[in-house]
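Taking it in order: structure first as structure tokens, then the write-up.
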Amino acid sequence: MNRALFACCVLVCASACGLVGPRHAPSIAGTYQLVSVDGQSVPCCTRTDTASGARTTPLSGQLSLGSATPEAFVAVPAGMYMPSSCVYTIPNGARMHGDTVFTPDGTWYLLAPCGRGTYAMTLTERVDSAGRTDTVAVNSSGRYSWSNTGSAVYLVGSMSGSLTGTGSGTQMMLQQTHFGDQPSQDFPQYEFAIRP
């Protein structure tokens with residue numbers, strides 16, 4: 001009886017302490033380097049702003065992803081898929097202001113942050129405008145989510161795309177989804193990679 005109880009306690013402890021089961025949870029965390037824009041190796045792909053005439057050429061870039069567990073992406077109206085952490089159900093008649101939900105009964109609550117991990121991205125660009133050339137760094141940061149079943153990545157409020165490969169050979173194709181509140185189909189596609 002005591003041996004059976006001891007064996008059961010060892011198994012429970014091994015499971016709770018992470019000794020039984022998968023050794024490592026899947027992860028895409030790491031630092032990725034920009035390798036191409038619109039399928040062309042950087043530096044490339046000069047774009048001209050129609051209003052100002054400024055010419056911008058991507059030179060390099062880096063994307064750092066913090067640790068995040070994968071999550072399911074779910075269908076939302078307009079045929080899009082979003083990470084489940086970014087899809088909320090609010091009461092009928094509720095109003096939203098930012099991340100705050102005001103319910104019809106006069107109470108309010110904050111929505112949980114969208115995304116499971118944090119990211120930081122820097123794109124270095126050459127800008128030619130009015131006879132002057134400058135090198136500028138465009139920085140962005142925020143939260144991200146990913147799915148290992150649908151190979152999807154979503155940088156909250158910035159870009160979405162797909163993953164290929166795993167571990168040290170992971171590549172990521174990201175398309176900017178909008179600029180401010182302006183959605184567009186013309187934004188460039190960025191390829192980031194961790195090379196073995």
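Residues are listed down the side, and each one gets a yes or a no for (1) among the basic types (Lys, Arg); (2) surrounded by fewer than 15 Cβ atoms within 10 Å (Cβ to Cβ):
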| site | (1), (2) |
| --- | --- |
| GLN40 | no, yes |
| ARG47 | yes, no |
| GLY53 | no, yes |
| THR56 | no, no |
| GLU71 | no, no |
| MET80 | no, yes |
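Scan ASN139, ASN148 and give me the residue that is surrounded by fewer than 14 Cβ atoms within 10 Å (Cβ to Cβ) and either within 27 Å of PRO188 (Cα to Cα) or of a type in the set (Val, Ile, Thr) (or both). Sole residue among the options that is surrounded by fewer than 14 Cβ atoms within 10 Å (Cβ to Cβ) and either within 27 Å of PRO188 (Cα to Cα) or of a type in the set (Val, Ile, Thr) (or both): ASN139.
Taken over region 85-106, residues that are closer than 29 Å to TRP146 by Cβ, surrounded by 13 or more Cβ atoms within 10 Å (Cβ to Cβ) and of a type in the set (S, T, N, Q) amount to 1. Scanning region 47-84 for residues that are among the hydroxyl-bearing types (Ser, Thr, Tyr), out of contact with any Asp or Glu (no Cβ under 6 Å at 6 or more places or on another chain) and more than 24 Å from PRO188 (Cβ to Cβ) yields SER67, THR69.
The residues of region 79-98 that are part of a loop (DSSP other than H, G, I, E, B) and farther than 14 Å from VAL156 by Cα, listed by number, are TYR88, THR89, ILE90, PRO91, ASN92, GLY93, ALA94, GLY98. Scanning region 112-127 for residues that are of a type in the set (A, V, I, L, M) and loosely packed, with under 14 Cβ neighbours inside 10 Å turns up just one, ALA112.
Step by step: first the residues of region 151-196, then only those that are surrounded by 18 or more Cβ atoms within 10 Å (Cβ to Cβ) and among the aromatic types (Phe, Trp, Tyr), then the one that is modelled with the lowest pLDDT. Which residue is that? My answer is TYR154. With respect to ALA130, is the statement that it is in contact with a Ser or Thr (Cβ under 6 Å, 6 or more places away or on another chain), surrounded by fewer than 16 Cβ atoms within 10 Å (Cβ to Cβ) and under 25 Å from CYS44 (Cβ atoms) true? Answer is no for this residue. With respect to the conditions (1) closer than 30 Å to THR133 by Cβ; (2) loosely packed, with under 12 Cβ neighbours inside 10 Å; (3) among the hydrophobic types (A, V, I, L, M, F, W, C), LEU63 falls short on a single one, namely (2).
Residues in region 120-160 that are small (Gly, Ala, Ser), at negative phi and in a loop (DSSP other than H, G, I, E, B): GLY150, SER158.
The values are calculated or read from the model by the stated rules, or taken from the named source; none is laboratory data. The structure presented is a predicted model; accordingly, all values stated were derived computationally and were not measured. All Cβ positions, even for glycine, are placed from backbone atoms using ideal geometry, and neighbour counts span all protein chains on display.
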